[in-house]
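First comes the structure, then the notes that go with it.
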Amino acid sequence: MFTKEMVHTALQTWCDNVVKVGKVHAEGGDVQAFSLQVLSDSYDYDNGHVLFKPTLTFGQQTFRPTKEGALSYFVGGNSDYPNDNGFKLKPWVKVWYSKEDFILNGELAIVQCNVHFIGEDDSHIFVNKSFVFKQCEDGKVRIILHQSSLPYQP
């Protein structure tokens, strides 16, 4: 059964991984390999189906149902996704969530929250997120739905 503590751990892990990807990139590490591991550990692409709508995508490439598409959004460099610049490469130096709310349902947690990103250049982005986390058969918590959007500004 999913618990409140598991929700907070999953959200914090997601935020921490954004910072770690940028740090690996900034230090000249193998950001592609690291990001693939993050995707395997945190998203259920290897075992099931993931619904992923990144913040800054549009047109035919709005949704990323494959690990390859998600990786491209994270780190760029894939000619099949020419508009991806690698969102997680900024680097982001601080990422946190706020105003989370959730519904627990057996092995699932349905979550909405705000996520704040602070860049190394002191830029700030604020996005609205929805996640569905699943407790998988191997005991790990992975994302099966990730929707992200910029707040509406009338």
Handout entry: Calculated [θ] (222 nm, deg cm²/dmol) that DSSP helices of n ≥ 4 give over the chain, each run adding -39,500 (n - 2.57)
Key = -9500 deg cm²/dmol
Exercise for the section: Round to a whole angstrom and tell me the spacing of the C-alpha centers of the stretch 74-150 and the stretch 1-25. Expected result: 9
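The stretch 35-104: percent of C-alpha pairs farther apart than 13 Å? Intermediate results must be reported in sequence, preceding the final value.
Details: 1656 of 2415 pairs.
Beyond 13 Å sits 69 percent of the P(r) for the stretch 35-104.
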Exercise for the section: At a 1.4 Å probe radius, which order do 79, 72 fall into by accessible area, largest first? Expected result: 79, 72
Exercise for the section: Quick one: compute the contact order of the chain, relative version, from alpha carbon pairs under 8 angstrom and 6+ residues apart, as a percent. Expected result: 25
Completion exercise
Phi-derived 3J(HN,Hα) across the stretch 24-32 with the Karplus relation (6.51, -1.76, 1.60, θ = phi - 60°), rounded Hz, x for Gly and Pro, is 4, 4, 4, 8, x, x, 7, 5, 5
Completion exercise
Label model pair residue 138, residue 33: point-to-point distance (7 angstrom along the Cα→beta-carbon line) in nm is 1.8
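Using only alpha-carbon positions, what ratio does the radius of gyration of the chain give when scaled by 2.2 N^0.38 Å?
Details: Rg = 14.9 Å, N = 154, 2.2 N^0.38 = 14.9 Å.
Ratio of Cα Rg to 2.2 N^0.38 Å: 1.00.
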Problem - Sequence-distant residues sharing a close amide H with residue 96 (under 5 Å, placed H) - result: 116
Fill in the blank from the handout: For 68, 27, the accessible-area ranking with a 1.4 Å probe, largest leading, is 27, 68
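The values are calculated or read from the model by the stated rules, or taken from the named source; none is laboratory data. Quick caveat: nothing in here was measured; it's all calculated off a predicted structure. Don't worry about glycine lacking a Cβ; one is built from the backbone with ideal geometry, like all the others, and counts go over all protein chains shown. When the accessible area is computed, the model is the full protein with side chains, heavy atoms only, and any ligands, DNA or RNA have been set aside. Shrake-Rupley method; radii C 1.70, N 1.55, O 1.52, S 1.80 Å.
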